Structures are given as C-alpha cells and as structure tokens.
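The values are calculated or read from the model by the stated rules, or taken from the named source; none is laboratory data. As the structure is a prediction and not an experimental result, all values here were calculated from the model. Cβ atoms come from the backbone with ideal geometry, glycine included; neighbour counts cover every protein chain shown. Areas reflect the complete protein model, heavy atoms only, side chains present, ligands, DNA and RNA absent. Shrake-Rupley method; radii C 1.70, N 1.55, O 1.52, S 1.80 Å.
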There are 2 protein chains.
Amino acid sequence: MVPPDQIRQLQALVGPGNLLSAQEDLWCYAFDATDHIQAPAAVVFPGCAAEISQILRLANRHGFPVTPRGAGTGRSGGAVPAPGGVVLVLTRLNRILEISPEDLVAVVEPGVITGRLQAAVEEQGLYYPPDPSSADFCTLGGNVAECAGGAVAVQYGVTRDYVLGLQVVLPTGEIIETGARTMKGVVGYDLTRLITGSEGTLGVITRIILRLTPRPPARQTLAAGFPDLEMAARAVSLILRAGLVPTALEFMDRTTLNCVREMLPFRMTQEIAALLLIAVDGHPHDVEERAGAMERFCREQGAGMAIRARTPAEAEVLWKARRVMSPALRQVKPQKISEDVAVPLSAIPRLVAALQEVSRRRGLPVASYGHAGDGNIHVNVLYDQKIPGEKEAAHQAVEDIFSLVRQMDGTLSGEHGVGLTKAPYLEMELSREAIALQQRLKRAFDPNNIMNPGKIFPPGRGRVTPP
Amino acid sequence: MVPPDQIRQLQALVGPGNLLSAQEDLWCYAFDATDHIQAPAAVVFPGCAAEISQILRLANRHGFPVTPRGAGTGRSGGAVPAPGGVVLVLTRLNRILEISPEDLVAVVEPGVITGRLQAAVEEQGLYYPPDPSSADFCTLGGNVAECAGGAVAVQYGVTRDYVLGLQVVLPTGEIIETGARTMKGVVGYDLTRLITGSEGTLGVITRIILRLTPRPPARQTLAAGFPDLEMAARAVSLILRAGLVPTALEFMDRTTLNCVREMLPFRMTQEIAALLLIAVDGHPHDVEERAGAMERFCREQGAGMAIRARTPAEAEVLWKARRVMSPALRQVKPQKISEDVAVPLSAIPRLVAALQEVSRRRGLPVASYGHAGDGNIHVNVLYDQKIPGEKEAAHQAVEDIFSLVRQMDGTLSGEHGVGLTKAPYLEMELSREAIALQQRLKRAFDPNNIMNPGKIFPPGRGRVTPP
C-alpha cells in the first residue's frame, strides 16, 4: 500500500481533482479487457511529462509500483494495477500536436483515441493504417505500448511499423527522445522499437511521432462463405501466394459466425461454416481487378457465396460485424479466454483442425477468427465459471493450444502482448537465457522495478540475476 | 594485443586453416568501405554458432575485443577492428537454409551474399526487397547488423522490416533465439529489432529468419532530367503526396551525374542538373498508369526529359548507374567523406540548397544523390588529402552538414549506422540521458565490453556509469 503521506505528495504533484483514492473510484481502474482485477492504491491523472517524471522519482524513493494506463482496452492484463500500486492514467495527454501532410507524419500525445487520429488524418487525404478492433476507444499510447495490430496489418504492418520516434519518461525520471521525424534512422540502438511493445514496463510514453501514408484512392470489401474451414484456409493460401496483396484477409469459424449472423447485410445460410472477409486497397480499376481475382480463387476453392460490398456503407456493416466478434462471443458462454496466437502461414489449416480437436477433448466450444492473412488467429475458449470444472478445462485447453502453436513454430501472441495472462507461459517460447537477458534490460531501465512490475516475466522470476 | 597462447587457443577452436595471423593477411581485414584502417591481432573464420560461443567466452576470459565482419562493405567503420582485437569473419556461415514459398520466409546464415538470396527467392516467384547498392557483395548478416536500406525502401521499407527472428550468440557466449517464424509476434521485449542495427556491439548474428513477399508482377523504370535541383525536389514532393506509391524515388545532382553520364543508355545533355530515377511496381496496367502520372508530374515541374526504360535490360543499365555512384565520385577527387543523413520529407529542398552553400563556404565539391523518396540523402564531401587544408575543410563541411540536418529535425544516419565515423557526433543527436541508457543496455549484453568496442559511443565515453 502507498501510505497516506505519499498519496498527499502525489496529490500535490498532479493538483486538485487529478488524484482518486476513494474505494469506489479505485475499482473503476482495477481491470482491463481481461478477467483480471486488482484495485490500485491510488489513481493519478498527470498533465505533462514533467509531472510524470516527478511521480516516477517519488515511486523510486518510496518503492511503490506504477502502472501506466490508456483506455484499459488491452487483452493481456497490461494495464491491470500491481498490488498496492498507483495507476497513471494518460487520458489528459490527449492532444494531436501536429499533422503534417508535407512530412507525412503526425505528432500525438499518448491519450489520443486511435479513431480520432484516423479521422483527423483522413480529413487531410492521409491514412494511419494500424486499426485495432477497439480503435474507437483505445489510445495510441496503449497501441504503442502493446504494439497493436489489426485487420489491415496484412498489407500495412502493425503499430511498430508506424512509430518513428517517442518521448519517454524513463522509470528513473529522465525524459528522453528516441528516433526521429524521418522515414529512416539508425543512430544508436533502436530504443523506439524496444519501447514499442514493452507493455509499460520500460517507461511512460508521453509523445509519439507517427508515420502516415497517402490515403489509398479506393477500397473494395469482399465476403466469401465456405462449407468448411479447410476450404477457406486453402483459398487464403492461394490469395497470399498469388501476389494479389490483400489489405485485410480475415476469417471466422462457424461458432463466431453464429454470433454475428444477424448483423450481416446479406443472408448467410447455416451451410456456411467459415467466412472470409477481404479488403483490397489501391487505384480503382486495379482494386476491381484484384478483388475479382480473389473472388474467383474463393469460388474455385468451393465458396458457396462470394459477394462484394456495393457501397461503403455495406462494407462498413461487414467490418462492424468483424469488430464486435470478441464481445459477441459472450452469447455462447459467459466467460472466455481470448488468445491471439500466430503461426507460420502454412500452418493455418493444421492449427484450425487441431483447435477443433482441443474443443472435443476439453468439452468446451473453441471459437476462432482473425487475421488469416498473417497467421494471427484469435482463439477463444468459451466457458461458464458457474459450471463445475469448466474454468479448469478452459485453462487446460489454453495450454493445449500453446503447445500446438509452439510445435508449429508459432508464437503465443501476435499482437496482444504477454501482460499478466501469458506471463506464466513465457518459458514455453523464450529460453532461460533469453529471459535472463530481457530481465537485465528491464533492470537497465528500471533498477528498482517500479514500472508495471509483474507483467511479461513469469511470476516469481521478477528479480534479476547478474549475467 | 592478443598474446600467442590465446592465438593458439583460438586456432584450436576454429581448426586448421581458419585463423590468420600473418601481417600481410591481417591488413586485408583492417578496413571496410570507409577510410578507417586498423590491423587486428588475428582473423578467425568460425564454422558455427557453437565455435563463436567459445571464442566469445575466451574473449571474456582474457579481455580481448572481437569485431564481427561480413564482407566489409559498410560505410561507417563498423567492421574495422578494435586495436589489438580479433576479427570474426562470418563468410563460412553462408548457407541458405530454407526458402519457404508457403510461409513466405527464408532462413539464412549471416554470410550469405544479399544478391544470392535475392536471386534464389526470385527463382521461386518471391521477392526479398531490401536492396543496398552493394547487394552483389555485402552479406545479409551485415545488412541486419547495420539495418541496411537501399533504393526500394520508399515502398518496401528497410532490412528491419524483413527480419522476423534471429539466432544470436551473446557477448557472454549464450546462444539465444529471438522473434519467430511468424508475420507477427509480441512476446517479450523486441530483441530482434534491438539487435538489428546494433552494429555488431550486442552479439554475433548466426541465423536470420527473413520475411519474403510475392514477386511484384511488373516494374517500370522512369528517368527524368531537370534543369535545376529545386524543380526535381518539387516533383518528388508531388509524387509522394499524390499517393502514387513509388517503389524507388532516387535523385542525383549534377556532380554525381557527371560521373556516370557516359554509362547512361540515353543522351544526357549538360543542361540537365538533376536526375530523378523512379521505379514503380505492381500489376502491369496499374504500373503503366502510375508511371504515366509520375512522368506528367515531372514534365509539369519542368523536366526537360522524361524517359521510360523500354526493356528490363535498359532499366538495369539505369539502376547500375545508380549503384556505382559512390565509387564513381572518386573521379572528381581521390578522397571523400560519405554521409547518409535523413531529413523530414519537406526539408529536402532546403537541405539541397544548404549543401550548395556548404560547398561554397568550404571550397570543396559536395555531391549528393540518394533516396529522395524517404528523405535519406547520401552527401559526399570530396577532397584531396594531398592538397593542404582540404582534409580539414572536409571535416568542417561534415560538421556544417550535421548541424543543418539537426536544425531540420533530421538524423545523422538513415541507413549506414554510426560506427566509427559518426561516433564523435552522437551527442549532436542523442541526449546525455539517452546515451547513458544505451550504455546501460550495452552493459546488460556485454559486461566486459568485448563486442566491437569503440563503435557507436563517443570516444572516451565507452565506460558505463551506473544509473
């Protein structure tokens, strides 16, 4: 716990109205989009990097943990407070400082909602591609801290590929700048990309320089329904190898489809067991041609239906159905464990088949959907904690899935991060030596381990051993 | 110096014929593509990661420095040995272990020549985009260590954007794997991208997993000559903002042009003071349309000539002229200092104008060419060391240029790295706090500072201070 006099010091740092310590307020900052929950000792809303620096210096002096937080939409527990710690909410740092069409960059504060930047750059004929499903709520600071992905990563890459530079308050209070306002840069170690995806454990991001692109002149959206999942997987493989450059290439299985069927703008019969949702960006007639080729591939591989959205509004309905999938799955069972494994492209059909086997073995529905185009699949183990044994079976299913993924040379997380949820499994992917090195890096940033402790590293292995 | 008994131990580790210690052999490994020169104490040619691990353990035990080296084509002195040190040449690790069209990945050893991989993947209808001008000689290990760029980075990005995972021998001898064979991955800190561009100071890369793409179906090459450089710079800006997605967008100034004029496949009159060389990739008629639009932009901005290559052979001649520019400049003066600054896109015209002013002030030719499409300009200060004062004036010109670039929010290096040549200037770009953090990271990898010491960090600041 943070003692009352330290709370008063924090209060003095951030000013009246920018600290919460009443129980009912603390619970509002106790969780993210996982089922983990832990009330903090206090919640502070700093107004600038200098205040954050002072808060972190105080934390070092007194040894209390600090967890940075954007909108709390993360899926791995990264923003769940450390026991007895302080939550640092960055929503007051919410200015778009600059959008430069000349330099093709935007400079933003971490609390800017992703969708707000997307809209602002679009007004100027520009495009910020990273597009997590939570874009309407999540913040850019959180996107950078977790290296968020999204559906269009197939063509455009993930958040990491758009971060040119950062301002960061180090855990020991120094304010540094990394990277540059240039498209290329290789001066010194790549701190920008080391901090991107470091899940709030290496510092607090206070300013972000993002690369923009010109807005693609046209986009087409195509939906194709298949009588089984394997056929859909084969179509994915053909599309990728043909060099047709899909912008997004999403799939969803029958369980997922059932949850959003009513929302779709066209009739989706029960025979359809797998849906592909494809976007193609480019110049209008080029898009037309590539979308046509993809449609043919889908039909040749057995798609019973393949429909192109006729209007942007119709396309938007399709993408909206995609975005609500994660919450919609709660219709099947009240609880779910959402993983976001990624496998090599050729392993997608094998993974999809193996997931069905895990579902049978553990007696629980396993719904999957996601980014077939880059092998990053959102696997959801659905359960009801009120039914005896289901919670345990769900966790066993997750272990089964991680084992499968590792056998396929895959990774435990494509875009959600390790956080709390995958920390116990880190050793399934990284060797003891690689983890020890990462812990030495953590210590080089944060000698007193005050910055979001308990994340990434397996429980009980938080302490650093000398090399 | 490495004492004779340690040389014998090294010899025993790598086996007969894989160690050089005769003076005449040592001088062959004393330099790279800069003018820096330093003979090593010994040159070893290890055959596998396990041997490298043993060599590094020996180096830690006895405290001698080790400098990894690929083909020695680097432009910042990264592969120049540390005084009294051992050069670790990685050319025996030269196998392409796998090319997987299904997974769109290649797995290679660090000594593979970049051009060899490019050709091997092309045979399978695939493409490995990073294309440094030295692709026919340089190695992939060196490309990763320096985060090499090249002409097509405008569309496709740099080496960093294609490295999915690494096997690395840490300076303390542990062999670790980073990243994964998947398109996405966010498990733990991003060691893959921290090591990419770390210039051989954080470990020895022994295996690389690279992302491939399908081979673009068509490419057009366009050359446009302008009566002055400012007009060319305006055309660049228009092309970038119009969303025409150039694959490469190179420029060269008059001095550079004069050195390659005879090589070009068409007549280039003396009125032409700046040339743009543009590539456009995509589906054939889309490429035709975009190349046409770019040609119109160039003519509207004052291009006296704009010609499209009619055959792949003609295009190849143009690109070859581009690749030989760096050595060709020695025609003007025997010595040159080549920098590769990068500036925000809008600053290109200002930089180009300011370079002419530096040339006048310092009384030396300053030739520039390079990647106008991403703001990464190769600036060459040409001098003759036999003419009194020219060498000093050249170094003053470089300082002038770095100051200008920093005033424009640019970076000292877009793709060549810091190495030896820019280490004295590091503090012009990075703050004291950022450098101290990077030194702590270096120590977390390399507590005894045996791995390529003297690179990146300013001379006399190599020792790490505790946080």
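Give me the percent relative contact order of the stretch B:96-214, please, defined on Cα pairs under 8 angstrom at least 6 residues apart. Write down the numbers at each step before the final one.
Details: 231 pairs, mean separation 37.7, N = 119.
Relative contact order here is 32 percent.
Where does the stretch A:72-215 land on Rg(C-alpha)/(2.2 N^0.38 Å)?
That ratio works out to 0.99.
Hey, got the average number of other protein chain Cβ atoms within 10 angstrom for residues in A:438-447? Please list the in-between numbers first.
Details: counts 6, 2, 6, 8, 2, 3, 11, 6, 1, 3.
The mean count of partner-chain Cβ atoms within 10 Å per residue comes to 5.
How much accessible surface does A:Trp27 have with a 1.4 Å probe, in Å² rounded to 10?
120
Using DSSP, restrict attention to beta bridges with both residues in chain B and report what percent are antiparallel, rounded to the nearest 5. Each step should come with its number before you reach the end.
Working: 61 of 71 bridges.
DSSP beta bridges in chain B are roughly 85 percent antiparallel.
Working with all protein chains in place, sort A:Thr182, B:Thr91 by solvent-accessible area computed with a 1.4 Å probe, largest first.
Working: A:Thr182 5, B:Thr91 55 Å².
Ranking A:Thr182, B:Thr91 by accessible area, largest first, yields B:Thr91, A:Thr182.
Tell me, what HN-Hα J-couplings in whole Hz come from the Karplus equation 6.51 cos²θ - 1.76 cosθ + 1.60 at θ = phi - 60° for each residue of the stretch B:97-107, using x for Gly and Pro?
Going residue by residue, I get 6, 6, 10, 10, x, 5, 8, 6, 9, 10, 10 Hz, with x marking Gly and Pro.
If I stretch the segment between B:Glu98 and B:Ala313 completely, what's the gain in nm (0.36 nm per residue apart, minus their alpha carbon distance), one decimal?
Numbers: separation 215, 0.36 × 215 = 77.40 nm, distance 2.98 nm.
So the chain would gain 74.4 nm between B:Glu98 and B:Ala313.
For the stretch A:48-143, state which trypsin sites (Lys or Arg not before Pro) are in a DSSP loop and have at most 13 other beta carbons lying within 10 Å of their beta carbon. Could the numbers behind the result be given before it?
Values: sites: A:Arg57, A:Arg61, A:Arg69, A:Arg75, A:Arg92, A:Arg95, A:Arg116; in loops: A:Arg75, A:Arg92, A:Arg95.
In loop regions of the stretch A:48-143 (DSSP not H, G, I, E or B), the sparsely surrounded trypsin sites (Lys or Arg not before Pro) are A:Arg95.
How big is the stretch A:320-467 by the Kirkwood estimate over distinct Cα pairs, in Å?
Values: mean 1/r = 0.0603 Å⁻¹.
Taking every pair of different Cα atoms in the stretch A:320-467, averaging 1/r and inverting gives 16.6 Å.
With a 1.4 Å probe, what is the total accessible area buried between chains A and B, in Å² rounded to the nearest 100?
Numbers: alone 19710 and 19670 Å², together 32690 Å².
Separately minus together, A and B give about 6700 Å² buried.
Which whole-number percent is the relative contact order of chain B (Cα, under 8 Å, 6+ apart)? Intermediate values should be presented prior to the final figure.
Working: 1009 pairs, mean separation 69.5, N = 467.
Relative contact order comes out at 15 percent.
List the lysines whose Cα sits under 24 Å from the Cα of B:Lys336, skipping any in the same chain fewer than 8 residues away.
Those lysines meeting the cut-off are A:Lys184, B:Lys320, B:Lys386, B:Lys391, B:Lys422, B:Lys455.
With +1 on each Lys and Arg Cβ and -1 on each Asp and Glu Cβ, how big is the dipole of the stretch B:218-326 about its Cα centre, in debye rounded to the nearest 20? Walk me through the intermediate numbers first.
Numbers: 14 positive and 14 negative charges, 25 e Å.
For this selection, approximately 120 debye.
For chain A, state what percent of all Cα-Cα pairs lands in each successive 20 Å bin, counting from 0 Å until the bin that includes the largest distance.
With a bin width of 20 Å, the distribution comes to 24, 55, 20, 0.
Quick check: pseudo-label points 7 Å beyond the Cα along Cα→Cβ at A:Glu288 and B:Glu24, how many nm apart are they?
With each label point 7 Å from Cα toward Cβ, the separation is 7.1 nm.
So how tilted is helix A:390-407 from the main axis of chain A? Cα-based, degrees 0 to 90, rounded to 10.
For helix A:390-407, the angle is close to 80 degrees.
Share of the stretch A:218-326's accessible area from carbon and sulfur, percent, 1.4 Å?
On the way: 2340 of 4310 Å².
Carbon-and-sulfur percentage of accessible area, whole number: 54.
Once all Cα-Cα distances of the protein assembly as shown are split into 20 Å bins that start at 0, what whole-number percent is in each one?
Values per bin, smallest distances first: 14, 46, 34, 6, 0.
With r as the distance between the Cβ atoms of A:Ile37 and A:Arg61 and R0 = 22 Å, compute the FRET efficiency 1/(1 + (r/R0)^6) and round to 0.05. Can you show the working numbers first?
Working: r = 29 Å, r/R0 = 1.30.
Efficiency for this residue pair is about 0.15.
Starting from the Cα-Cα distance between B:His395 and B:Ala242, subtract it from 0.36 nm times their residue separation and give me the gain in nm to one decimal.
Numbers: separation 153, 0.36 × 153 = 55.08 nm, distance 3.86 nm.
Value of the extension gain: 51.2 nm.
Run the dipole for the stretch B:327-407 about the Cα centre, Lys and Arg Cβ at +1, Asp and Glu Cβ at -1, nothing else charged, and hand back the magnitude in debye, nearest 20. Walk me through the intermediate numbers first.
On the way: 10 positive and 9 negative charges, 43 e Å.
Dipole size: approximately 200 debye.
Can you pull the one-decimal nm distance between simple spin-label points at B:Arg361 and B:Arg330, each 7 Å off the Cα toward Cβ?
Between B:Arg361 and B:Arg330, the simple spin-label model gives 3.0 nm.
For Cα pairs less than 8 Å apart in space and 6+ apart in sequence, what is the mean separation divided by the residue count of the stretch B:4-89, i.e. the relative contact order in percent? Kindly include the intermediate steps, with their values, before the conclusion.
Details: 148 pairs, mean separation 29.7, N = 86.
It rounds to 35 percent for the stretch B:4-89.
Give a residue-ordered list of calculated ³J(HN,Hα) values for the stretch A:145-152 (Karplus: 6.51 cos²θ - 1.76 cosθ + 1.60, θ = phi - 60°; whole Hz; x for Gly, Pro).
Karplus values, whole Hz, x for Gly and Pro: 4, 9, 6, 4, x, x, 5, 8.
Looking at the stretch A:64-142, what % of its DSSP beta bridges pair antiparallel, to the nearest 5?
55
Take the stretch B:4-89, compute every pairwise Cα distance, and split them into 5 Å bins from 0; I just need the percent in each bin.
In whole percents, the pair-distance histogram is 3, 17, 28, 26, 17, 8, 2.
Could you tell me the accessible area of B:Cys259 in Å² (1.4 Å probe, neighbours in place), rounded to the nearest ten?
20
Report, in degrees rounded to the nearest 10, the 0 to 90 angle that the Cα long axis of helix A:348-362 makes with the longest principal axis of chain A.
80
Specify the angular offset, from 0 to 90 degrees and rounded to the nearest 10, of the alpha carbon long axis of helix B:4-14 from the longest principal axis of the alpha carbons in chain B.
Between the helix axis and the principal axis of chain B, the angle is about 70 degrees.
Counting only heavy atoms of protein chains, what accessible area per residue, in Å², does the stretch B:96-214 have with a probe of 1.4 Å?
Numbers: 2790 Å² over 119 residues.
In whole numbers, the stretch B:96-214 has 23 Å² accessible per residue.
Quick one: grab the alpha carbon gyration tensor of the stretch A:218-326, order the square roots of its eigenvalues as a ≥ b ≥ c, and give me rounded if a/c is under 1.5, else prolate or oblate depending on whether a/b is larger than b/c. Don't jump to the answer; show the numbers that get you there.
Details: a/c = 1.84, a/b = 1.21, b/c = 1.52.
Oblate, since a/c reaches 1.5 and b/c is not below a/b.
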